[in-house]
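Notes follow once the structure below has been shown.
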Amino acid sequence: MTDLPDLATWVRDHAFTAETLDPSAPLDDLEPLRALVGDARVVAIGESSHLVKEFYLFRHRMLRFLAERCGFTVLAFEAPFTEAHAVDSYVRGGPGTAAAVAAEGIAMGLGDCAEMHDLLDWMREYNRTAAVPLGFAGLDVPGSLGSPLPALHVLDGYVRWAEPDALGLVERATELAGRFHGGGIAPMEYYSGLPQADRDELTVLLSRLLSRVEIAAAAGRGGERRREHSSALHHLRGAWKLDHAHREIAEYGIESASSTRDAFLAESVLRLLDEGGPDTRVVVACHNWHIQRTEVEQEGPYVMRPQGNHLAAELGNDYVAIGVTSGTGDTGYFHGAPETPLGFEFRAMPLPPPEKNSIEAAFDTRHPLAVADLRAARGAVRDGDSVRGMRMVEYFLDLPVMAAFDAVAHVAQTHRATPGAPAPG
């Protein structure tokens, strides 16, 4: 074992490198990544922080490669399942602008940058001539921890024809949800101010609705409107999961809601595979936290199982998780700003240098991009078990990197994403 190289040496000798992150550049230099992807049906591409310019560029370029060269058919984003239907409509040629649909369909401001708008416009242009359209799907609960109101509005139309006796349940749940609806992080604060009786009533209403819609969807599974039943049920499951997340946040804090939210993220991916059939291949774009294959080690009442842990258990080698991190430059972070529509702003802050035993310490910054296939490194380096750190916004998260990710993509330098033009209206 002592004759084995350390991880930094192995990365230097074996990592794939590229000299550009430009999404419009020719794709031939990415061909070595085909072996990393293999026949996987789901490839997840992470990020160590939201709203970082180079992470958007890398995901855009990888999406082009995976769609044009490998036959992937869906971009599944860290965005609300319900609201993101507006984005899918746009990339398939529907009305609006990239800025408008991103603001409507991608929560927490994660779509409000020029790099994301460019990606959506590229998808729309690609779909003009593609034999198989490239779809866009949201994976998350309504508002990405907002209120269930968007899902309940969709459900209102569904129950009117599918389960009219349940309309009263929807209307009362809608009334209660409206009491804490808002943009950004506001619903979490508003929910904490609801009387306990209102919280309990909403939970009961959503549970009763879920039972009713599950029965209606099962009865219609073989009919002409099967997809409408399935879609309505998933909208409602998002609202139901969100309600449980809010209850957990109110009792234990926001970290406790992660497992509930991540279970729905994974459920949404598996639904895409099931609904789309055997030729469906999905690119997942979520934070590194969500895509890791391993459980999160922590103290508290819950075992924290990220989306990637569920997908790895269900799909095995058909799931490939690529963590994305950086060497130098700036990162984006949440700065509380109650006067803004979201209740916070994303601001830039300098990255600290890589910590000893972090995965970042194994990379240098000679190339704009380097990708290390950690599956090949397992058992081939002497210090794999000691690699326990990875960037998480401005600090280093303790996790077993070699087991958590199949590969790590390292961007040499990062900057805050470019603010996009505001959406009309």
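All of the numbers you see were taken from the coordinates with simple rules; none came from a lab. Everything numeric here is computed off the predicted structure, so don't read it as measured data. With ideal geometry, Cβ positions are generated from the backbone for all residues, glycine too; neighbour counts draw on all protein chains shown.
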Most to least packed among 218-230, 371-383, 161-173, 314-326 [average Cβ atoms within 10 Å]: 314-326, 371-383, 161-173, 218-230
Hz values of 3J(HN,Hα) by residue in region 226-241 - Karplus curve (6.51, -1.76, 1.60), Gly and Pro given as x: 4, 5, 5, 4, 4, 5, 4, 5, 6, 3, 5, 4, x, 5, 5, 5
Whole-number D in µm² s⁻¹ for the chain, Kirkwood Cα-pair radius fed into Stokes-Einstein, 10 °C, 1.306 mPa s: 72
Pairwise centroid distance, computed over Cα atoms, of region 221-297 with region 369-425, Å: 23
Cα gyration tensor shape of region 117-227, rounded if a/c is under 1.5, else prolate or oblate by comparing a/b with b/c: oblate
Nearest-20 debye value, the chain charge dipole, Cβ charges on Lys, Arg, Asp, Glu: 680
Positive-end residue, the chain charge dipole about Cα centroid, Cβ charges, pick of ILE45, LEU63, PHE346: LEU63
Cα gyration tensor shape for region 37-92, rounded if a/c is under 1.5, else prolate or oblate: oblate
Dipole axis of the chain (+1 Lys, Arg; -1 Asp, Glu on Cβ), positive-most option in GLY157, VAL74, GLY389: GLY157
Packing rank of 53-63, 281-291, where each peptide gets the mean count of other beta carbons within 10 Å, highest leading: 281-291, 53-63
The chain, relative contact order [Cα under 8 Å, separation at least 6], %: 25
Cα gyration tensor, region 210-302 - rounded (a/c under 1.5), prolate or oblate: oblate
Per-residue [θ]222 nm for the chain (sum of -39500 (n - 2.57) over DSSP H runs n ≥ 4, rounded to 500): -13000 deg cm²/dmol
Beta bridges by DSSP in the chain, antiparallel share as percent, to the nearest 5: 45
Gaussian network model of the chain, Cα within-10 Å springs - most flexible of LEU120, LEU242, LEU27: LEU27
